1. When the residues of the stretch B:30-42 are narrowed to those that are farther than 19 Å from B:T104 by Cβ and among the aliphatic types (A, V, I, L, M), which ends up nearest to the other protein chains (Cβ to nearest Cβ)?
2. Is there any pair linking a residue in the stretch A:120-132 that is facing chain B (nearest Cβ under 7 Å) to one that is at pLDDT 85 or above and loosely packed, with under 14 Cβ neighbours inside 10 Å, with Cβ under 9 Å and at least six apart or on different chains, and which?
3. Return the pair list, or none, for Cβ contacts closer than 6 Å from residues in the stretch B:34-48 that are farther than 23 Å from B:G61 by Cα to residues that are open to solvent by less than 60 Å² (accessible area, probe 1.4 Å), at least 6 apart or on different chains.
4. Report, by residue number, each residue of the stretch B:39-69 that is modelled with pLDDT under 90 and of a type in the set (V, I, T).
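The values are calculated or read from the model by the stated rules, or taken from the named source; none is laboratory data. This structure is a prediction, so every number in the text was calculated from the model and none was measured. Cβ placement follows ideal geometry from the backbone for every residue including glycine, while neighbour counts extend to all protein chains displayed. Side chains included, ligands, DNA and RNA excluded: accessible areas come from the protein's heavy atoms. Shrake-Rupley method; radii C 1.70, N 1.55, O 1.52, S 1.80 Å.
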Amino acid sequence: MRHFINVIVPIALVIGLASIARSQMDLNDRFSALDARLVRLDARLDSAAKTRVVYRSEQAAPNVQATIATPEVATAPSADDERNPQESTEADVPVPSIAMEMTDRGYMYAGEWTDMESQLATMSVAENKKFWAQMFDALGSGELEVYDE
Amino acid sequence: MTISIKRHLLPGVLAAAAMFCSIPSQAAQTTFNFVRVGSLTNVDDSAGRWQFDGGNVFRNGAHVGYYIRKKRVSFGVPSSVNKAAVETTVIWKWGNYTFTTQGTHYFGTGAQVGGVSAASVGFTGLQDATYSGNHTTMTITY
């Protein structure tokens, strides 16, 4: 019995302590991995916020649709429909006005509204290519939100 | 003397080679979808035929603009060729931006090829672009 207490019990205590220490180390590793994942997630969220681009407009969508619908008249010309351009009909008038009304459009980049007109007007060709490459990729992918107020 | 010239030329040649190698080949592509509003209209004359249509332009399902397209068939081109000159102007939905493509349309398959012939401020990046597609899609390489 004394032999059992002197030999077996210390061995069992050592094994038990080692097991507890190992569990503690596994737990620490899991917490470290979780921290790393949270850091990566933060970085992705931060990146997504910076690339989010939103078009903004002061032009109401129904008015746009109303003006756009008119070119149907122009899509069905006939051979003898040679109107003098000076004699523009009411249907012809809204087309140039659309561009004028939309010049106040802008986009939001990194949380700030930016005047798209001035940005595009001052871009170099290379910058313009990069701009549209980003815009075209973003369109329809969910990164670029297009809406009319 | 020859060695001296070589020594002087070598850095220049190396620099030129480095510049050539560093020229980026960043050809990007984007595809637009055309959805006609109304019907295709033929207008015949003594020299051939015009075809007109127009409608909405989409990018990945997002409505981004409008198009106006005209095709010209000429009796001067043999019927075996079966191609028309095609010109398409895309009016961007926002701002005062447009670009126009010119090319050919093959009636046998509907295939179109060409390039961007005019680009407004805002689309200067498309100035030297080419395109291919058909009457419903246009893939621009710029």
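1. Per the stated criteria, the residue is B:V37.
2. A:V125/B:D128
3. Sorted first by the residue in the stretch B:34-48, then by its partner, the pairs are B:T41/B:F52; B:N42/B:Q51; B:G48/B:V73; B:G48/B:S74.
4. If the condition is that a residue be modelled with pLDDT under 90 and of a type in the set (V, I, T), then B:V64 is the only one that fits.
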